[in-house]
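Since every read-out is calculated from the coordinates, none of them should be taken as a lab result. Owing to the predicted nature of the structure, the values given are computational and were not obtained by experimental measurement. Here the Cβ is made from the backbone with ideal geometry for all residues, glycine too, and neighbour counts use every protein chain on show.
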Amino acid sequence: MGEEMKKKLVSILLCAAMGVTALAGCGNSSGAGAASEPAAAVQEESKTEEDSTQATESQESAPAEDAGVDGGGETLNVMCHSSWRTEEANAVFDYVAEKCNVKFEFEEVPEGGSGNELIFAKMQSGEVPDILWWQGAKTSATEIGEDLFMELSGGWTQDYNASILESPNQTYNGRLICAPFGDVTVFGMCYNKQVFADNKIAVPQTWEEFLAACETLKAAGVTPMYISGTTDNEWTLQIIPIDARLKQESTVPGSISSLNSHEKLWADMEYMQLTFERMKEMKDQGYIQDTFLSDSYADAQEALLTGTAAMYPQATWIYAELTKLAESEEELDNIGFFPIPATDAADSIAYTETPTGFVIPAGGKKADLAAQIVGELVSKEAMTEYYKLHQGIPAVNGVEVELSSIPADVSALMEAGKTNTLPNTLYSTPSMASDVQAMLAGDKTPEEVLAGYDTDWDTYAKEAGNPDWGY
């Protein structure tokens, strides 16, 4: 990747990634709530010299905005998945701890269903953490309870575009309940560039080209696409189906709206059905390793770096893990990224999602302080510390990063208009990971996986008393 692709102001890229809804926010460089430049100019022209002098004196006497919160030495409990405690995340917590005179105590839970069940149990028992670092607004609201979390606000929101703050990961039912922490995430296919070059394979643009590449790789003795399906790693099996929702909407506009209104079922979504059939075909044709049910997320990273496997469907958060494992910059830069191919090249775009982040349990004993500290954790100043140690596409405005490897490829996709967001889906599908695992093992059909989606949504609709479902 040439130097022209490096040192990009990523808020510009984010505008391209987030689609039409982002345009108003991206046009405002100071974030939500700032006055427009024309209005500000008119006000400036109407000032008298005396008014200007008074304004200047007032600004000079005002306290500095970055003075921060004084936590008085309090300790805040943070519950999160253990793998989320990365070097760059720890740097942010250390920065805020020193700046705001607080201490953080972490309660780490495992990945996957077992960790989620522990979080649910804690929340339901009233043993709530001060800060829950988890899955975002919609998931927290629908799977735990919207009323259990505080609505957030503060000066930190000015450094985020409306397209971020109003996204399903941050806002639910008009309430901002999750402060975004980290990167804009893009779902797609990671690949080993050298393996592709050695086998004279170009990045596939259609599913037919993708299958041809897999056949070439299999004949060469390379695992075409690695799958990590062992227990507590089944969450990785969701990447292709989540991406397929965008392609379903792209091929049949209005699909998500029809699901949200219960006019149609997930079982009616033809591209989703096709996606599960294709995943099953990949396994049946030997394009996935036989040991996938015992192979982990960590195993996948090693296989990708060493070239044992050519491809691995994953999201851009994997880059942080690869930086720890790669033995050299060359090995890391050898890993690229492209959209999971669709039937037609025009639909081969990559699903983009805003970050998850921090939610504040309303029942916490230090909820008010926790909300203020969360504002500090996601501030532009704190996130600058984050990106000193990390490459990615920041959700916050005004932070520059140098891009290479997967982030550089994602940047190029954004600039080319090959990424997009998805309309908000009304409910979650917690059965997805385990059902896809069962499908690949031969214990469920693609039709049964989609039936599980509909069962999940019916459960949520019943709990919510949704009249569209007849409740």
Q: Estimate the FRET efficiency between Glu281 and Thr75 by the formula 1/(1 + (r/R0)^6), using the beta-carbon distance for r and 51 Å for R0, to the nearest 0.05.
A: 0.45
Q: Rounded to the nearest Å, what's the spacing between the alpha carbon centres of segment 243-271 and segment 343-376? Just the number, please.
A: 24 Å
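At a Förster radius of 25 Å, what calculated FRET efficiency corresponds to the Cβ-Cβ distance of Glu215 and Asp290, to the nearest 0.05? Working shown, then result.
On the way: r = 17 Å, r/R0 = 0.68.
E(calc), rounded to 0.05, equals 0.90.
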Q. Cross-link partners among aspartates and glutamates for Lys366, C-alpha distance below 18 Å, same-chain residues fewer than 8 apart left out?
A. Asp70, Glu74, Glu105, Glu107, Glu127, Asp130, Asp147, Glu151, Glu376
Q. To the nearest 0.05, what FRET efficiency results for Val252 and Ser114 with a Förster distance of 30 Å applied to their C-beta separation?
A. 0.25
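Which pairs in the list Lys138/Lys462; Lys103/Lys388; Lys193/Lys283; Lys99/Lys122; Lys138/Lys388; Lys122/Lys365 are over 25 Å apart, alpha-carbon to alpha-carbon? Before the final figure, lay out the partial values.
Working: Lys138/Lys462 17 Å; Lys103/Lys388 22 Å; Lys193/Lys283 23 Å; Lys99/Lys122 30 Å; Lys138/Lys388 30 Å; Lys122/Lys365 15 Å.
Among Lys138/Lys462; Lys103/Lys388; Lys193/Lys283; Lys99/Lys122; Lys138/Lys388; Lys122/Lys365, the Cα-Cα distance tops 25 Å for Lys99/Lys122; Lys138/Lys388.
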Q) In whole angstrom, how far apart do the alpha carbon centroids of segment 195-225 and segment 90-148 sit? A) 41 Å
Q) How do 96-103, 464-471 rank on mean C-beta neighbours within 10 Å, highest first? A) 96-103, 464-471
Q: Can you tell me the 0 to 90 degree angle between the C-alpha axis of helix 270-284 and the longest principal axis of the chain, rounded to 10?
A: 60 degrees
**Q.** Proximal aspartates and glutamates to Lys280, defined as alpha-carbon separation beneath 12 angstrom and excluding residues fewer than eight positions away on the same chain
**A.** Asp443, Glu447
Q) For labels at Thr206 and Asp344 in the simple 7 Å Cα→Cβ model, what's the distance in nm? A) 1.1 nm
Q) Quick one, which of (1) 4, 17, 25, 25, 18, 9, 2, 0; (2) 5, 22, 33, 24, 11, 4, 1, 0; (3) 4, 19, 29, 27, 14, 5, 2, 0, 0 is the actual P(r) over Cα pairs in 10 Å bins from 0, in percent calculated for this model? A) (3)
Q.
Just to check I understand the Karplus step: with θ = phi - 60° and J = 6.51 cos²θ - 1.76 cosθ + 1.60, what whole-Hz values come out for segment 457-471, glycine and proline as x?
A. 5, 5, 4, 5, 5, 5, 4, 8, x, 6, x, 5, 9, x, 9
Q. Shape call for segment 338-458 from the C-alpha gyration tensor, a ≥ b ≥ c root eigenvalues: rounded (a/c under 1.5), prolate (a/b greater than b/c) or oblate?
A. oblate
Q: Quick one: angle between helix 87-100 and the longest Cα principal axis of the chain, in degrees between 0 and 90, rounded to 10, please.
A: 20 degrees
Q.
Quick check for me: using +1 on Lys/Arg Cβ and -1 on Asp/Glu Cβ, what's the dipole size of segment 356-402 about its Cα centre, in debye to the nearest 20?
A. 240 debye
**Q.** Residues in segment 124-150 reached by a label modelled at Asn424 [backbone nitrogen below 18 Å; 7 Å Cα→Cβ]
**A.** 135-150
Q: Among Leu422, Gly126, Phe93, flag the residue with its Cα farthest along the positive direction of the charge dipole of the chain, charges on Cβ as +1 for Lys/Arg and -1 for Asp/Glu.
A: Leu422
Q. Where the centre of each part is set by its Cα atoms, how far does segment 428-471 sit from segment 378-401, in angstrom?
A. 37 Å
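In the neighborhood of Lys103, defined by Cβ-to-Cβ distances under 13 Å, what is the net charge if each Lys or Arg adds +1 and each Asp or Glu adds -1? Don't skip to the end; give the middle numbers.
On the way: positive: Lys99, Lys366; negative: Glu74, Asp94, Glu98, Glu105, Asp130.
Once all neighbours under 13 Å are counted, the net charge is -3.
Quick one: grab the alpha carbon gyration tensor of segment 180-260, order the square roots of its eigenvalues as a ≥ b ≥ c, and give me rounded if a/c is under 1.5, else prolate or oblate depending on whether a/b is larger than b/c. Provide the component values of the computation, followed by the final result.
Working: a/c = 2.09, a/b = 1.54, b/c = 1.36.
Prolate shape, in that a/c is at least 1.5 and a/b is the bigger ratio.
Can you give the relative contact order of the chain as a percent, counting alpha carbon pairs under 8 Å and 6+ residues apart?
Numbers: 827 pairs, mean separation 126.5, N = 471.
It rounds to 27 percent for the chain.
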**Q.** Rounded tilt (10° steps) of 239-251 against the dominant C-alpha axis of the chain
**A.** 90 degrees
**Q.** Dipole magnitude of the chain about its Cα centre (Cβ charges: Lys, Arg +1; Asp, Glu -1), debye to nearest 20
**A.** 680 debye
